[in-house]
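What follows is a single structure, written as structure tokens, with notes after it.
The values are calculated or read from the model by the stated rules, or taken from the named source; none is laboratory data. Model, not experiment: these values are computed from the prediction. Cβ sites come from the backbone with ideal geometry, for glycine too, and all protein chains shown count toward neighbours. These area figures cover heavy atoms from the full protein model, side chains too; ligands, DNA and RNA do not enter into them. Shrake-Rupley method; radii C 1.70, N 1.55, O 1.52, S 1.80 Å.
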Amino acid sequence: MKTQYDIEGGNFSKAGFASSEVKRMLKQLNLDIKLIKRVVVAMYEGEVNIVVHAYHGTAEVDVSEKRIRILFTDRGPGIKDIDQAMQAGFSTATEKIREMGFGAGMGLPNIKAHADELNISSTPGKGTQVEIICYIKKDHQNT
Amino acid sequence: MTVKDVVKALNLTVYSGSDGLDKPVNGGYTSDLLSDVMGNASEGMAWITLQTHKNVMAIASLKDLSAVILVNNLQPLEDTQQYSNQEQIPIVGTTLSAFEISGRLHNLLNSS
């Protein structure tokens, strides 16, 4: 089952909107609550990254029996050095955005900590693609 | 202990989301960094912060937090209050600093 959400760059008043839609959908599917919580953190951070850094993006959420896959694709400045972007505390966000409590350099590390897989590819000047996978089975085994 | 009990015990002001005052409070988290709260707070906690904008409520809702406590007499923006009413997650406030109110909430929850 696939659903797609549009994410508008720079529109902070709508940041988190797609994430709450995804949360609602996953709850309706009656998935394990711990799994939903992990997906929500990863989804929110991916969504906010597009709002903060890109011009426009989409989140494609695909739920199968085994896993939830979220693919963020944006048009934006891209990431020059992905290893550096993954470092906790590293951020290119503006002062204004930081004052709101965003841009603390914790977004990608949060995704990494809560998702089972995180794959990033980026073309500077064009955009970024972030793939997040959370396995459904693994959570059931844990509980 | 519910949000209402915390409001009474710590002499807090209720700004919005009063439909959620019966939510149980099982802990607290003090931070002004949104990703910190996203990554580390958990369901039922009261979030102590100085951030007053709408994104606070997006996080409170996504994380199923019990309440948002604004420090230093800060007041929520209008659209933040609307979001709080809609999600039935109260925004309450104090004149105290984050340090002071965190200490008092901690004591209160540990003694109940």
query: Of all the residues that make up the stretch A:13-43, how many are open to solvent by less than 40 Å² (accessible area, probe 1.4 Å), at the interface with chain B (Cβ under 9 Å from one of its Cβ atoms) and either aromatic (F, W, Y) or out of contact with any Leu (no Cβ under 7 Å at 6 or more places or on another chain) (or both)?
result: 3
- prompt: Counting just the residues of the stretch B:21-35 that are free of Cβ contacts under 8 Å to residues at least 40 places away in the same chain and out of contact with any Ser or Thr (no Cβ under 6 Å at 6 or more places or on another chain), which one comes out surrounded by the fewest Cβ atoms within 10 Å (Cβ to Cβ)?
  reply: B:Y29
message: Yes or no: the stretch B:49-59 includes at least one residue that is touching a residue at least 40 places away in the same chain (Cβ under 8 Å) and within 14 Å of another protein chain (Cβ to nearest Cβ).
response: yes
message: For the stretch B:36-48: of the residues being crowded, with 18+ Cβ neighbours inside 10 Å and more than 9 Å from every other protein chain (Cβ to nearest Cβ), which is farthest from the chain's Cα centre (by Cα)?
response: B:A41
task: Select from the stretch A:73-87 the residues that are polar (S, T, N, Q) and closer than 13 Å to A:N49 by Cβ and list them in ascending order.
output: A:T73
message: Looking for something farther than 29 Å from A:R38 by Cβ and within 12 Å of another protein chain (Cβ to nearest Cβ) - is there at least one such residue anywhere in the stretch B:66-77?
response: yes
Check on B:E78, in contact (Cβ under 8 Å) with a residue 12 or more places away in the chain and either more than 18 Å from A:V40 (Cβ to Cβ) or of a type in the set (D, E) (or both): no
message: Being more than 12 Å from the chain's Cα centre (by Cα) and open to solvent by 60 Å² or more (accessible area, probe 1.4 Å) is the requirement here; does B:L108 meet it?
response: no
query: Does the stretch A:97-116 contain at least one residue that is away from chain B (no Cβ under 14 Å) and open to solvent by less than 60 Å² (accessible area, probe 1.4 Å)?
result: yes
- prompt: Any idea which of A:I70, A:I50, A:I120 is crowded, with 20+ Cβ neighbours inside 10 Å, among the hydrophobic types (A, V, I, L, M, F, W, C), in contact (Cβ under 8 Å) with a residue 12 or more places away in the chain and not in a helix (DSSP H, G or I)?
  reply: A:I70
query: Of all residues in the stretch B:59-105, which are closer than 19 Å to A:R24 by Cβ and either exposed (fewer than 13 other Cβ atoms within 10 Å of the Cβ) or in contact with a Leu (Cβ under 7 Å, 6 or more places away or on another chain) (or both)?
result: B:I59, B:I89
